[in-house]
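Report on the structure given below.
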Amino acid sequence: QVQLVESGGGLVQAGGSLRLSCAASGRTLSNVAMGWFRQAPGKEREFVATVSGTSSTTRYADPVKGRFTISRDNAKNTVYLQMNSLKPEDTAAYYCAARSSSDYAVSRNLYDYWGQGTQVTVSS
C-alpha cells in the first residue's frame, strides 16, 4: 500500500510562487508515474501535471503550461510541483496521485493512490 502526503500549500498573492511536495511511503516511487490534480469548490477534480516512471515524459494541462513544473527526487521518494506566476484561478485543493504503471496518464481514473490534498489560495 502506498501513502502519499502533500505539503507546501498556502496563501500567496497573484504572481507569486509555491512549491508543493508529495512524499510517499510504503513503496518506492522510482518506477511509477505520478500526477498532480486540483479541485476547486463546486468543480470536478482536474488534471494539472504528470511525469512518467522513467521521468522521460511530462505533460501539463493547458492552463498551467509554462508556469508549473513537475519533478521527482527518487532518492527522497518525493514528487514536486513548482508553481510560478500564480493566478487567482489556480486556487484549489491540490492532490498528488500515483499509478501502479510507469506510463504517464492525464485521466484521474487511471491513478491508484491519492494523497489527502493541500490547499492553495491565490489572492488578487
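The values are calculated or read from the model by the stated rules, or taken from the named source; none is laboratory data. Since this is a predicted model, take the numbers as computed values, not measurements. Cβ placement follows ideal geometry from the backbone for every residue including glycine, while neighbour counts extend to all protein chains displayed. Heavy atoms of the whole protein, side chains included, go into the accessibility calculation; ligands, DNA and RNA do not. Shrake-Rupley method; radii C 1.70, N 1.55, O 1.52, S 1.80 Å.
If R0 is 25 Å, the Cβ-Cβ spacing of Gln82 and Thr121 corresponds to a FRET efficiency of close to 0.90.
Extension gain, Arg108 to Ser30, is 26.1 nm, computed as 0.36 nm per intervening residue step minus the present C-alpha separation. A 1.4 Å probe run over the chain, with the rest of the protein chains in place, finds 49 Å² accessible per residue. Apolar share of the accessible surface for the chain: 45 percent from carbon plus sulfur atoms, 1.4 Å probe.
Say a paramagnetic label sat at a point 7 Å from the Cα of Lys43, along Cα to Cβ; which residues of segment 87-119 have their backbone N under 12 Å from it? The answer is 87-94.
Figure legend: label point modelled 7 angstrom from the Cα of Thr57 along Cα→Cβ; residues of segment 19-34 with amide N under 18 Å from it are 30-34.
Looking at the chain as a GNM with Cα springs under 10 Å, which of Ala23, Ala97, Ala49 has the largest mean-square fluctuation? Residue with maximal mean-square fluctuation among Ala23, Ala97, Ala49: Ala23. Taking a Cβ cut-off of under 14 Å around Val12, the surrounding Lys, Arg, Asp and Glu residues balance to a net charge of +1, with basic ones at +1 and acidic ones at -1.
How high is the relative contact order of segment 1-51, given as a whole-number percent (alpha carbon pairs under 8 Å, six or more residues apart)?
29
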